[in-house]
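**Q** This is the structure, below, for whatever I ask next.
The values are calculated or read from the model by the stated rules, or taken from the named source; none is laboratory data. Keep in mind that this is a model prediction, so the values were computed, not measured. The accessibility values were calculated without ligands, DNA or RNA, using every heavy atom of the protein model including side chains. Shrake-Rupley method; radii C 1.70, N 1.55, O 1.52, S 1.80 Å.
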Amino acid sequence: MRSKIVAGNWKMNNNLEETEALLTELAAKLPDTDAEVMVAPAFVNLADAIRTLDGSAIQVVAQNMHWADNGAYTGEISADMLQSIPVNTVILGHSERRAYFGETDELLAKKVATAIRKKMRVIFCFGEELQERKAGTHFKVVKKQLTEALFTLEAKAWDQLVLAYEPVWAIGTGETASPEQAQEMHAFIRDTISGAYQQDVADKVTILYGGSVKPNNAAEIFSKPDVDGGLIGGASLDAEDFIAIIKAI
Ligand code: 13P
C-alpha cells in the first residue's frame with residue numbers, strides 16, 4: 001500500500017505568530033485520517049513549528065535546501081541543519097524555485113542526491129508550463145524532468161521519494177487540472193518509472209497532485225487511482241480549508 005499524503009506548502013507566508021496560531025488550530029482540529037499530514041512553514045519558523053506541534057501527528061517539512069554538506073554558501077540551508085532540528089523531509093524542485101531562482105534539473109539532481117544520501121525524504125515537484133500543455137509536449141517535458149533529476153538514483157532510493165506533479169498553469173491560478181488530466185499524467189509517470197526501474201518501484205511511489213486544490217475539488221481529484229494525495233498551496237494557509245482537504249482523502 002502506498003502512503004497517502006496531504007502536505008501544505010506555505011511558501012513565503014506566515015510570520016512566527018501566524019505560524020504558531022495556524023499550527024495550534026490545525027493540531028486541535030486534525031481529523032482521524034490514514035493519510036500523513038505535513039506542513040512546510042518558512043525556514044526561520046521550522047524549529048518553533050516543531051515545538052508547537054509537539055505531540056501532534058502533523059509533520060514539519062522544509063521548502064528547499066542546498067546540495068552541499070556545508071561551506072561558503074551565504075544564505076543557504078544544509079541537510080544537516082534541517083536534520084538537527086529535526087526536519088527530515090524536504091520539498092525540492094518547486095516550479096517557483098525553478099522559475100525565480102534558476103533551479104535546473106541538473107542542479108536538482110544534486111540536491112536530491114544529497115537529501116537521499118542524508119537519509120532524508122524528498123517531495124520532488126515537477127510539471128509542465130501552459131505553453132507546453134497547449135503544444136501537447138507535456139508528457140515529454142515531465143519525462144525529461146524525471147529522467148534528468150531522478151533516474152540516476154538507485155532503485156532503493158525511491159523508498160525516500162515522494163513525487164508531486166504540479167502543472168505550472170494550475171498553481172495559484174484557480175485553474176485545476178481536471179481529475180482526468182491528473183489521473184492521465186499520474187498513470188504516465190508510473191509507467192515512465194516502471195520503464196526506468198521495475199514495476200514495483202512505480203507501484204509503491206506516492207504521487208501527489210498540486211495546483212489549485214481546494215475543499216470543493218479535492219475529493220474528486222483524490223478519488224483517482226494514481227493520485228495519492230495533494231500538495232496544497234493557498235488553501236493550506238486557512239485551517240478550515242486545509243482540514244476539509246484532509247477529510248477529502
Ligand atoms: P496552489 O494550491 O496555491 O495552487 O499552490 C500549489 C503549490 O504550488 C503547492 O506547492
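**Q** Dividing the convex hull volume of the Cα atoms of the chain by its residue count, what figure in Å³ per residue is obtained? Display every interim value, and only then the final one.
**A** Details: hull volume 29.4 nm³, N = 249.
In the chain, the Cα convex hull volume per residue is 118 Å³.
**Q** With a probe of 1.4 Å, find how much accessible area segment 122-249 has per residue, and write the answer as a whole number in Å².
**A** Working: 5190 Å² over 128 residues.
Accessible area per residue: 41 Å².
**Q** Now a separate question. Expressed in whole Å with the largest first, what are the equivalent ellipsoid semi-axes of segment 151-224 derived from the C-alpha gyration tensor as the square root of 5 times each eigenvalue? If you can, show how the numbers build up before the last one.
**A** Values: eigenvalues 129, 28, 22 Å².
For segment 151-224, the ellipsoid semi-axes come out as 25, 12, 11 Å.
**Q** What full-extension length gain, to one decimal in nm, is calculated for LYS134 and GLU76 as 0.36 nm per residue of separation minus the Cα-Cα distance? If you can, show how the numbers build up before the last one.
**A** On the way: separation 58, 0.36 × 58 = 20.88 nm, distance 3.61 nm.
Between LYS134 and GLU76, full extension yields 17.3 nm more.
**Q** For the chain, which whole percent of the accessible surface, found with a 1.4 angstrom probe, sits on carbon and sulfur atoms?
**A** Here it works out to 50 percent.
**Q** Can you compute the helix-only [θ] at 222 nm over the chain? Use -39500 (n - 2.57) per DSSP H run of at least 4 residues, normalise by all residues, nearest 500 deg cm²/dmol. Intermediate values should be presented prior to the final figure.
**A** On the way: 11 runs with 102 residues, N = 249.
It lands at -11500 deg cm²/dmol.
**Q** Return the Rg/Rh ratio of segment 60-192 with Cα-based radii and a Kirkwood Rh. Don't skip to the answer; put the middle values down first.
**A** On the way: Rg = 15.1 Å, Rh = 15.5 Å.
Ratio of gyration radius to Kirkwood radius: 0.98.
**Q** When every alpha-carbon pair in segment 58-127 is counted, what percent end up more than 19 Å apart? Before the final figure, lay out each step's value.
**A** Details: 641 of 2415 pairs.
Tail of P(r) above 19 Å: 27 percent of Cα pairs.
**Q** What is segment 95-249's relative contact order, in percent, from Cα pairs under 8 angstrom and six or more apart in sequence?
**A** Working: 225 pairs, mean separation 32.0, N = 155.
Once normalised by length, the contact order is 21 percent.
**Q** Something else now. Which whole number of Å³ per residue matches the convex hull of the alpha-carbon atoms in segment 18-115? Present the calculation step by step, with values, prior to reporting the outcome.
**A** Numbers: hull volume 11.7 nm³, N = 98.
Value for segment 18-115: 119 Å³ per residue.
**Q** Using a 1.4 Å probe, what is the accessible area per residue for segment 1-76, in Å²? Don't jump to the answer; show the numbers that get you there.
**A** Values: 3990 Å² over 76 residues.
Ligands and nucleic acids excluded, the result is 52 Å² per residue.
**Q** Relative contact order (percent) for segment 137-208, with alpha-carbon contacts under 8 angstrom and 6 or more residues of separation?
**A** Values: 40 pairs, mean separation 31.8, N = 72.
Averaging sequence separation for qualifying contacts and normalising by length gives 44 percent for segment 137-208.
**Q** Give a residue-ordered list of calculated ³J(HN,Hα) values for segment 37-48 (Karplus: 6.51 cos²θ - 1.76 cosθ + 1.60, θ = phi - 60°; whole Hz; x for Gly, Pro).
**A** Result, ordered by residue: 10, 10, 10, 10, x, 5, 3, 4, 9, 5, 5, 5 Hz.
**Q** Check which residues have an amide H placed less than 5 Å from THR89's amide H, if you skip close sequence neighbours.
**A** Those lying under 5 Å, H to H, from THR89 are ALA62, ARG121.
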